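To start, the structure under review is shown below, and the notes come after it.
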Amino acid sequence: MSTTRITDVQVIATAPEGINLLVVKVLTNQPGLFGLGCATFAYRHLAVQCVVEQYLRPLLVGRDASAIEELWQLMHQNAYWRNGPIENNAISGIDMALWDLKGKMAGMPLYQLLGGKVREGVPVYRHAEAPTLEQLCEKVAQYREQGIRHVRCQMGGYGGQGFGPAPAGTPRGAAEGIYLDGRRYVRETIELFEGLRNQLGYDLALCHDVHERLAPADAIHLARALEPFQLLFLEDAIALEDAAWMPRLREATSTPLAQGELINNPAEWRWLITERLVDFLRVHISQIGGITPARKLAQFAEGFGVRIAWHGPGDMSPLGHAANIHIDLAAPNLGVQEWSGIEPPNFVIQELRGPRGALLDVFPGLPELDQGYVYANDKPGLGIELDEREAAKYPCEAAVTTWTQTRRMDGALQLP
Ligand code: MG
């Protein structure tokens, strides 16, 4: 069998629903054989595109496309400094494309290459957000009618208001931003879950994302106060930078903990797992470098009783969602999968520029959601196509990102 060699690496940037998505296409010397991967870093897409086109393409052209592990290590080490989000997303685009290619070469969907299915469908959670308890209960009830069994519940955009002028109670001259009163947020979140359980009962699995917006002591208070409401998990209660607080949080509460969508480096996840400080890993696969490191992480976590719950937000291409789903299908230690489907999170909806449904025109083959489970298709590789003519209709923009400009009530910036 002749070697399948890489002949070109291309980047396709597209924003069918107003979110900048980056796709990497790896072409080969075999006619019609190519792979597609997700390199989406929506807020720095030009930087990722540059790394792929200017640095990784020359490194890879002419090499054996089937040597995925070798090429991952080659890319990872090539710039000497490593494990940054721009570099990792660039590597991810190529890594996923190589796995897609490998599946096409084998004539098998990716989950087969990973050992085969341990479940037929992937249980997912959906995101519900509203300004009042009554409206939130309505949304959660709608999901329940659709067969959804897991819902992440948030009041008012991760506890803050929309981006705008400084509200009352802030200093004179305070800058625009998304303002958060941490003490009020804690109080309202406890009331929220009490209200949800009173109105909806305990059948649904509910989770909540603090989004790193609390001081560690406040996070510990919140986690303890939420115990009666039996959350599936409390996410990012402690910021990655404050991870040394995790043992104290763990010891203080029985509320299950999830962490990890900002993780870039194995040093950040390894001790959380070996010390059993988290129950669910929320890692964003492209952010750690693609399928190759993600399958290693999932298997490492399995040995410690830690479950995976990959990050699956709107600012990820359908190729990234498909990669999540294929790994989930073959992972004994899947917890639940975040599923944003074709609906971006609310904070991005404000910035939507493209028409609804355009995402599916650009990426035919998105895994299907039905009665709370997502199903991969059985096409070879990731099973997602890219209509490049449709993609070209929706150019990306490098606009200033506002949702990350989160501020405390004294006007100072805090983690978003
Ligand atoms: Mg999160």
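The values are calculated or read from the model by the stated rules, or taken from the named source; none is laboratory data. Remember, predicted model here, so these are calculated numbers, not experimental data. Glycine also receives a Cβ, built like all others from the backbone with ideal geometry; neighbour counts cover every protein chain displayed. Ligands, DNA and RNA are excluded from the accessible area calculation, which covers all protein heavy atoms including side chains. Shrake-Rupley method; radii C 1.70, N 1.55, O 1.52, S 1.80 Å.
Which one of these does P332 not meet: (1) within 25 Å of K379 (Cβ to Cβ); (2) open to solvent by 20 Å² or more (accessible area, probe 1.4 Å); (3) free of Cβ contacts under 8 Å to residues at least 40 places away in the same chain?
(3)
Among the residues of the range 285-307 satisfying the criterion of being without any contact (Cβ under 8 Å) to a residue 40 or more places away in the chain and part of a helix (DSSP H, G or I), which is surrounded by the fewest Cβ atoms within 10 Å (Cβ to Cβ)?
K296
Here is a check on your reading of the model: is R213 buried (at least 22 other Cβ atoms within 10 Å of the Cβ) and touching a residue at least 12 places away in the same chain (Cβ under 8 Å)? Quick ask: steps written out before the conclusion?
Working: buried (at least 22 other Cβ atoms within 10 Å of the Cβ): yes; touching a residue at least 12 places away in the same chain (Cβ under 8 Å): yes.
Yes.
So in the range 308-328, with the set limited to residues that are in a helix (DSSP H, G or I), away from the ligand (no atom under 16 Å from the Cβ) and in contact with a strand residue (DSSP E or B) (Cβ under 6 Å, 6 or more places away or on another chain), which one is nearest to I68 (Cα to Cα)?
By that ranking, first place goes to L319.
Mind checking which residues of the range 172-194 are over 18 Å from A223 (Cα atoms) and open to solvent by 80 Å² or more (accessible area, probe 1.4 Å)?
The answer is R172, G173, E176.
Any chance the range 74-92 includes a residue that's open to solvent by 60 Å² or more (accessible area, probe 1.4 Å), closer than 28 Å to R213 by Cα and over 22 Å from the mean Cα position of the chain (by Cα)? Give the derivation first.
Step one: of the range 74-92, the residues open to solvent by 60 Å² or more (accessible area, probe 1.4 Å) are 77-78, 80-82.
Still in the running and closer than 28 Å to R213 by Cα: 82.
Filter once more, so that each one left must be over 22 Å from the mean Cα position of the chain (by Cα): none.
No, there is no match, as no residue in the range 74-92 is open to solvent by 60 Å² or more (accessible area, probe 1.4 Å), closer than 28 Å to R213 by Cα and over 22 Å from the mean Cα position of the chain (by Cα).
Can you tell me which residues in the range 172-207 are touching a strand residue (DSSP E or B) at 6+ places or on another chain (Cβ under 7 Å), over 26 Å from V124 (Cβ atoms) and without any contact (Cβ under 8 Å) to a residue 40 or more places away in the chain?
The one that is touching a strand residue (DSSP E or B) at 6+ places or on another chain (Cβ under 7 Å), over 26 Å from V124 (Cβ atoms) and without any contact (Cβ under 8 Å) to a residue 40 or more places away in the chain: E188.
Quick check on K102: is it closer than 30 Å to A294 by Cβ and in a loop (DSSP other than H, G, I, E, B)?
No, not satisfied.
From the residues in the range 113-171 that are part of a loop (DSSP other than H, G, I, E, B) and among the basic types (K, R), which one is surrounded by the most Cβ atoms within 10 Å (Cβ to Cβ)?
Keep residues of the range 113-171 that are part of a loop (DSSP other than H, G, I, E, B), which gives 114-121, 131-132, 146-149, 156-163, 165-171.
The next check asks that each one be among the basic types (K, R); those that pass are 117, 119, 149.
Details: K117: 16, R119: 13, R149: 18.
Step by step, filter the range 113-171, then rank; the result is R149.
So V52 fits all but one of (1) within 23 Å of the chain's Cα centre (by Cα); (2) touching a residue at least 60 places away in the same chain (Cβ under 8 Å); (3) under 15 Å from V26 (Cα atoms); what number is the exception?
Unmet for V52, out of (1) within 23 Å of the chain's Cα centre (by Cα); (2) touching a residue at least 60 places away in the same chain (Cβ under 8 Å); (3) under 15 Å from V26 (Cα atoms): (2).
Here's the yes/no breakdown for (1) among the acidic types (D, E); (2) assigned by TED's automatic domain parsing to the domain that holds G116:
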| residue | (1), (2) |
| --- | --- |
| D361 | yes, yes |
| P367 | no, yes |
| G372 | no, yes |
| K393 | no, no |
| T401 | no, no |
| T404 | no, no |
| M409 | no, no |
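Tell me, yes or no, whether the range 378-395 has at least one residue that is modelled with pLDDT under 95 and small (G, A, S).
Taking every residue of the range 378-395 in turn, none turns out to be modelled with pLDDT under 95 and small (G, A, S).
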